[in-house]
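The structure appears right after this line, and notes come after that.
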Amino acid sequence: MRTGMKKGWLLVCLIACLQANAQVVLPLGDTVNHRKTSKRAPEPFMTRQIKHISEFIDRFNKAALLTDGREMALLALFDEDDKRLAQKGRASHPYTNQVNAFIRASDTGTFKISKRGIAHAVIGILMAYKDLQDTLIVHLKKDYTADSAAFWHVVKVDKLKTLAKEKVETRQVADARSEVALPPNSNEVSFLPFLRGLHDYQSLVPFTHCRDCLDDAWWQVENALRDGGLIPQAVVFNRIFLKAANWEIELGEFIREKENSGWLISNITEN
């Protein structure tokens, strides 16, 4: 009798264990593939948004070659919210005449932007100095190595008002082996690699490959960075400059929810 009861209890325990194992929940990693995921369709305006500089160049060059609709295609590459552009109920501005001259100049069949042409950038970096804040204006140029690799480097910095009373002191500059080539797509991410580099190196030297560029304004900023008094905080604006024939095209990034957004023409200058 006792043997039968003992076997009965064993059977009950075995069944309970099997039921417990059957109720174990699989780890999340094992169940991900069994879930149905739905991709959200992109907003309609995003299909026309110019997300990259290379995309802007492609659209510009295609528009300049059009025989029908060329004017409208080029105008679509300008910031349509620019108050200087002619619109109904708005007074005429000299910039409108300049834009019209620009569009007329494109009627040559050779009016294009080279992807490996001249490119400059002007960025503003918010800096903290003691108890003050100021915007450091940095000028960069895109160049190419012997094996055609593109990179950005600093060619000029504007004077900082907060450093106006600081003495200009030249110090030892490391050799060319310390040079850092900023990635060619740095402009697409508001030059964040440069901002991080200023934090890490506390110096402009690695990013300034031109030793003739080390003027008084450059040295004032360099000394304040080395001493730890000047602290980079954020990139507050980013402008890219391209060339088409004898025109300089300034691009700004306009983040907004409409088709006329992304990298657009914010200004043009005839040289």
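Taking the condition of being crowded, with 21+ Cβ neighbours inside 10 Å and not in a strand (DSSP E or B), how many residues in the stretch 225-235 meet it?
1
Within the bounds of the stretch 236-258, is there any residue that is at pLDDT below 95, farther than 30 Å from residue 104 by Cα and in a loop (DSSP other than H, G, I, E, B)?
Yes; the residues of the stretch 236-258 include at least one that is at pLDDT below 95, farther than 30 Å from residue 104 by Cα and in a loop (DSSP other than H, G, I, E, B).
Select from the stretch 106-149 the residues that are under 22 Å from residue 212 (Cα atoms), of a type in the set (A, V, I, L, M) and crowded, with 17+ Cβ neighbours inside 10 Å and list them in ascending order.
119, 121, 123, 136, 138, 140
Across the stretch 82-95, what is the total count of residues that are loosely packed, with under 13 Cβ neighbours inside 10 Å and at pLDDT 90 or above?
Count: 2.
Residue 180 fails exactly one of the following numbered conditions: (1) in a loop (DSSP other than H, G, I, E, B); (2) within 18 Å of residue 236 (Cβ to Cβ). What is the number of that condition?
(2)
The values are calculated or read from the model by the stated rules, or taken from the named source; none is laboratory data. Note that the coordinates shown come from a computational prediction; the quantities given were computed from them, not determined experimentally. Reconstructed Cβ throughout: ideal geometry from the backbone, glycine too, with neighbour counts over all protein chains shown.
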